[in-house]
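J.: Structure in structure tokens, see below.
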Amino acid sequence: MIPISITKNTASRISTFDQNNIAFGKIYTDHMFVCDFEDGVWKNARIQSFEAFQLNPATSALHYGQAIFEGMKAFSNEKGEISLFRPRDNARRLNVSAERMMMPSFPEDVFMDGLTKLIEIDSKWVPNVPNSALYIRPYMFATDAYIGVKPSDNYTFCIFCCPVGPYYNKALKVKIEEDYSRAVRGGTGYAKCAGNYAAALKPTAIAQSEGFDQILWTDAIEHRYLEETGTTNIFLVLNGKIVTPEKSDTLLQGITRDSVIQIAKDMGLDVEERKISVDELVEAQKNGTLDEIFISGTAAAILNIDEFGFKGERFAVSADGPNKISEKIKQHLLEIRIGSRADIHEWRVNVT
Ligand code: COI
């Protein structure tokens, strides 16, 4: 195990933190965890003040995109106990992305050690007001100063944290995307790499200019099958049955997606992972068998879609009411996260 040095921030900003007024992703805690990959090994693991990196203008990640990331959350309960949700799954997925992008894997034990020490040190930043959490961003990027195209020899791994409220404040309106594509077979769709998100910005901006909040990607070959939104996985509830696009190399293997499927099964609900065509969705909306559509993701949590657009037409979807399956799953998931429900799948990792 690599030793981790700790240098405390002597100018804490915690007194400026107002947990009742949190803008998503704009407030950072006092410390970060950093580790360098040089000469073929990870070294110099350290917890230090959250501060800017110095980068050479030729830093290869900025040119050729060897940059991957994760998103996870820590939660505080009413007793002030802090726990992480499925962090080892994030460590494993980071390494799946690293393998696709020709980057070195990051040791899972160092990931867990750095992460838990960082959360302990910055524990005062974990908010405990409803709908809040500490969002945690592990990521890795190539640092060679070199403009030839090749896998970098040097990398930085970092984890920093932001206290957050909800990513979205209301049910979403999504445009089913028919022109632009997110991922193809053999591409990088399943990897959480920076470029996947950059490529979504233009079609998302177009959808937003048409009055939507987000895009709902379809497959790149026929634009016929649903995949995921620009920020989350998706689920449909058809006549009481939960249906979600099956895993493939064009889909991000969401950890919240996986938790939703498991919780739904634990609740005795039917879940199908399969291809879902846009035609099936439109037909279900028209014949009244579409009970709900909801999204799942770490940042966005679980949230309904109340309208989708396709070929210039807009279709309303019911998005409120206490009997919503998404609401029950959301509540169940929250209770596991904060420790008020038995954690039968051992998803929670206590920090303090
Ligand atoms: C997350 O949900 O954690 C993500 O990484 C998605 C990002 C668009 C905020």
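J.: How many angstrom lie between the Cα centre of segment 117-139 and the Cα centre of segment 249-296?
T.: Segment 117-139 and segment 249-296 have Cα centres spaced 30 Å from each other.
J.: For a quick check of your reading of the filter: which trypsin sites (Lys or Arg not before Pro) in segment 87-151 sit in a DSSP loop and have no more than 11 other Cβ atoms within 10 Å?
T.: Passing both the DSSP loop test and the Cβ count: no residue.
J.: Probe of 1.4 angstrom, ligands and nucleic acids ignored: what's the accessible area per residue over the chain, in square angstrom?
T.: 45 Å²
J.: Where the accessible area of segment 111-159 is counted over protein heavy atoms with a 1.4 Å probe, how much of it, in %, is carbon and sulfur?
T.: Of all accessible area on segment 111-159, carbon and sulfur atoms account for 50 percent.
J.: I would also like to ask the following. What relative contact order, as a whole-number percentage, does segment 172-338 give when Cα pairs under 8 Å and 6 or more residues apart are counted? Numbers along the way, then the final one.
T.: Details: 310 pairs, mean separation 40.0, N = 167.
Value for segment 172-338: 24 percent.
J.: Heavy atoms only, probe 1.4 Å: what % of the accessible area of segment 1-74 goes to carbon and sulfur, would you let me know?
T.: Working: 2130 of 4150 Å².
Percent of accessible area from carbon and sulfur atoms in segment 1-74: 51.
J.: Please identify every one of the trypsin sites (Lys or Arg not before Pro) in segment 264-317 that sits in a loop by DSSP and has no more than 12 other beta carbons within 10 Å of its own beta carbon.
T.: Of the trypsin sites (Lys or Arg not before Pro), the ones in loops of segment 264-317 whose Cβ has at most 12 other Cβ atoms within 10 Å are ARG274, LYS311.
J.: Put ILE221, ILE22, ILE261, ILE147 in order of accessible area, largest first, 1.4 Å probe: what do you get?
T.: ILE221, ILE147, ILE22, ILE261
J.: How much length is gained on full extension from GLN19 to LYS286, taking 0.36 nm per residue of separation minus their Cα-Cα distance? If you can, show how the numbers build up before the last one.
T.: Working: separation 267, 0.36 × 267 = 96.12 nm, distance 4.32 nm.
Full extension from GLN19 to LYS286 adds 91.8 nm.
J.: Here is a further query. Angle check, please: helix 108-121 long axis (alpha carbons) against the longest principal axis of the chain (alpha carbons), in degrees 0 to 90, nearest 10.
T.: Compared with the principal axis, the helix lies near 80 degrees.
J.: Moving on. For segment 1-83, which chymotrypsin sites (Phe, Trp or Tyr not before Pro) pass both filters: DSSP loop (anything but H, G, I, E, B) and at most 11 other C-beta atoms within 10 Å?
T.: Passing sites in segment 1-83 are PHE53.
J.: Which percent of the accessible heavy-atom area of segment 180-246 goes to carbon and sulfur, probe 1.4 angstrom? Kindly include the intermediate steps, with their values, before the conclusion.
T.: Numbers: 1390 of 2650 Å².
Solvent-exposed carbon and sulfur of segment 180-246 make up 52 percent of the total.
J.: Run the reach check for LYS150 against lysines, Cα to Cα strictly under 28 Å, same-chain hits fewer than 8 apart removed. What comes back?
T.: Partners within reach: LYS43, LYS192, LYS202.
J.: Which whole-number percent is the relative contact order of the chain (Cα, under 8 Å, 6+ apart)? Each step should come with its number before you reach the end.
T.: On the way: 727 pairs, mean separation 63.9, N = 352.
Relative CO of the chain lands at 18 percent.
J.: Shape call for the chain from the C-alpha gyration tensor, a ≥ b ≥ c root eigenvalues: rounded (a/c under 1.5), prolate (a/b greater than b/c) or oblate? Please list the in-between numbers first.
T.: On the way: a/c = 1.91, a/b = 1.34, b/c = 1.43.
In terms of gyration-tensor shape, oblate.
J.: Right, something else. Using the beta-carbon distance between VAL149 and ASP279 and R0 = 45 Å, what value does 1/(1 + (r/R0)^6) give for FRET efficiency, to the nearest 0.05?
T.: 0.60
J.: Residues with beta-carbon under 10 Å from that of ASN239, excluding ASN239: net charge, scoring Lys, Arg +1 and Asp, Glu -1?
T.: Here the charged neighbours net out to -1.
J.: Using the Kirkwood radius over Cα pairs, work out the Stokes-Einstein diffusion coefficient for segment 4-164 at 20 °C and 1.002 mPa s, in µm²/s as a whole number.
T.: The estimated diffusion coefficient comes to 130 µm²/s.
J.: Still on this structure, please answer the following. Pairing the Cα long axis of helix 325-338 with the longest principal axis of the chain, what angle in degrees results, from 0 to 90 and rounded to the nearest 10?
T.: 20 degrees
J.: If you don't mind, there's one more thing I want to ask. So which lysines pass the test for LYS286, namely a Cα distance under 26 Å, with those fewer than 8 places away in the same chain ruled out?
T.: LYS170, LYS173, LYS175, LYS241, LYS275, LYS311, LYS324, LYS328
J.: Continuing with the same structure: What's the magnitude of the charge dipole for the chain around its Cα centre, counting Lys and Arg as +1 and Asp and Glu as -1 at the beta-carbon? Answer in Debye, nearest 20.
T.: Here the chain has a charge dipole of around 480 debye.
J.: Using a 7 Å offset from Cα along Cα-Cβ at GLU272, what residues in segment 208-226 end up with backbone N under 18 Å from the label point?
T.: Label zone hits: 224-226.
J.: Using the per-residue mean of other Cβ atoms lying within 10 Å as a proxy for protection, in what order, highest first, do the peptides 173-181, 156-164 fall?
T.: On the way: 173-181: 18.8, 156-164: 21.7.
In decreasing order of mean packing, 173-181, 156-164 become 156-164, 173-181.
J.: Per-residue ellipticity at 222 nm for the chain, helices alone: DSSP H runs ≥ 4 residues times -39500 (n - 2.57), over residue total, nearest 500 deg cm²/dmol? Intermediate values should be presented prior to the final figure.
T.: Numbers: 7 runs with 85 residues, N = 352.
Here the helix-only value at 222 nm equals -7500 deg cm²/dmol.
J.: Once both axes come from the Cα atoms, what is the angle between helix 87-100 and the longest principal axis of the chain, in degrees from 0 to 90, rounded to 10?
T.: Approximately 90 degrees, to the nearest ten.
J.: If each of SER5 and HIS63 carries a label point 7 Å out from its Cα toward its Cβ, how far apart are those two points in nm?
T.: Here the modelled spin labels are 3.1 nm apart.
The values are calculated or read from the model by the stated rules, or taken from the named source; none is laboratory data. This is a predicted model, so every value here is computed, not measured. Every residue, glycine as well, gets a Cβ built from its backbone with ideal geometry; the counts of neighbours run over all protein chains shown. All accessible areas refer to the heavy atoms of the entire protein, side chains included, with ligands and DNA or RNA removed. Shrake-Rupley method; radii C 1.70, N 1.55, O 1.52, S 1.80 Å.
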